[in-house]
Every structure is written in structure tokens, then in C-alpha cells.
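Chemist: What follows is a structure written as C-alpha cells; I'll ask about it next.
The values are calculated or read from the model by the stated rules, or taken from the named source; none is laboratory data. Bear in mind the structure is a predicted one, so any value in this text is a computation, not a measurement. All Cβ positions, glycine included, derive from the backbone under ideal geometry; neighbour counts span all protein chains shown. Surface areas here come from the heavy atoms of the whole protein model, side chains and all, with no ligands, DNA or RNA. Shrake-Rupley method; radii C 1.70, N 1.55, O 1.52, S 1.80 Å.
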Amino acid sequence: QVQLVESGGGLVQPGGSLRLSCAAPESIWSVNAMGWYRQAPGKERELVAATTSDGSTNYADSVKGRFTISRDNAKNTAYLQMTGLKPEDTAVYYCNAYIVLVRGTMPRDYWGQGTQVTVSS
């Protein structure tokens, strides 16, 4: 069973910053796309940001210019740097990754356990 280990959530005041991390196991063959989703109470899960193995990125309009996704391929780790946080960013943030466990097999979709981000004064 593949586990994505997330860290970095917490409580922050409006305008503050947080950095989330998501680590996939080092024993896997490769990680393709990695991304961050979030789900606020009463709302559907939505894509926040995503990055491919070649470094291409994609952002939700609501976070463009404030959030930055990056990855360290050597560590199978993705990061989400969040700045200028707003109360509406409050949600549980989930890491997602398409992982090839063994060479020659198809990538599969895996999720982290979620980390709470709360933006409040």
C-alpha cells in the first residue's frame, strides 16, 4: 500500500504563509503528475495546483499569484507554498499523485490523508 505523507498544515492569520509537503515512498519506480486539492465544509473537492514530472504547472484561478507548487523529483516530494492566505482558503488539503510502482506498469492514482489549513484572525 502506497502512502503519501503530508505535512505543514495549521492555523494562520489572513495574509500569512504556509508550506505544505507531500512525500511519496522512495521505493517506487516513478511519480508522474502530483497535485494538491482542497475541500472546504459543504463544498466539493477542487484542484488547487498540479505539476507534471517535467515541471509544467497548473493553478486554480483563485490561487494564481499566491500559491506556488514545486517538486523535488529526487525525493519524490511535492510542495505547495501558500502566501497571502485568505479565510476562503480554509479547507482540508489533499495531496494526489500518479505513481508507477514497478517499471512497465500503468500509473495509479493515490491520495494523502489530508491536512487542515485554517486561515483566521
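Chemist: Taking only protein heavy atoms and a 1.4 Å probe, what accessible area per residue, in Å², does region 1-42 have with all protein chains in place?
Modeler: Numbers: 2300 Å² over 42 residues.
Accessible area per residue: 55 Å².
Chemist: So, one more: Which whole-number percent gives the relative contact order of region 1-73, counting Cα pairs below 8 Å spaced six or more residues apart?
Modeler: 20
Chemist: Any idea what diffusion coefficient the chain gets from Stokes-Einstein, in µm²/s, Kirkwood Rh on alpha carbon pairs, 20 °C, 1.002 mPa s? Walk me through the intermediate numbers first.
Modeler: On the way: Rh = 14.5 Å.
It comes out at roughly 148 µm²/s.
Chemist: Along Cα→Cβ, 7 Å out, is where each label goes; now give me the distance between the ones at R45 and S62 in nm to one decimal.
Modeler: Reported label-point gap for R45 and S62 is 1.6 nm.
Chemist: Starting from region 7-75, pick out the GluC sites (Glu not before Pro) whose DSSP state is loop and whose Cβ has at most 15 other Cβ atoms within 10 Å.
Modeler: When the GluC sites (Glu not before Pro) of region 7-75 are filtered for loop state and at most 15 Cβ neighbours within 10 Å, E26, E44 remain.
Chemist: So what is the accessible area of region 76-120 per residue, in Å², with the probe set to 1.4 Å? Walk me through the intermediate numbers first.
Modeler: Numbers: 2130 Å² over 45 residues.
Value returned for region 76-120: 47 Å² of accessible area per residue.
Chemist: Got the relative contact order for region 28-111 handy, in percent, Cα pairs under 8 Å and 6 or more residues apart?
Modeler: Once divided by the residue count of region 28-111, the mean separation gives 36 percent.
Chemist: Could you tell me what percent of the accessible area of the chain is made up of carbon and sulfur, with a 1.4 Å probe and every protein chain present?
Modeler: Roughly 48 percent of what the probe reaches on the chain is carbon or sulfur.
Chemist: Based on the mean of other beta carbon atoms within 10 Å per residue, what is the order of 1-11, 99-109, most packed first?
Modeler: 1-11, 99-109
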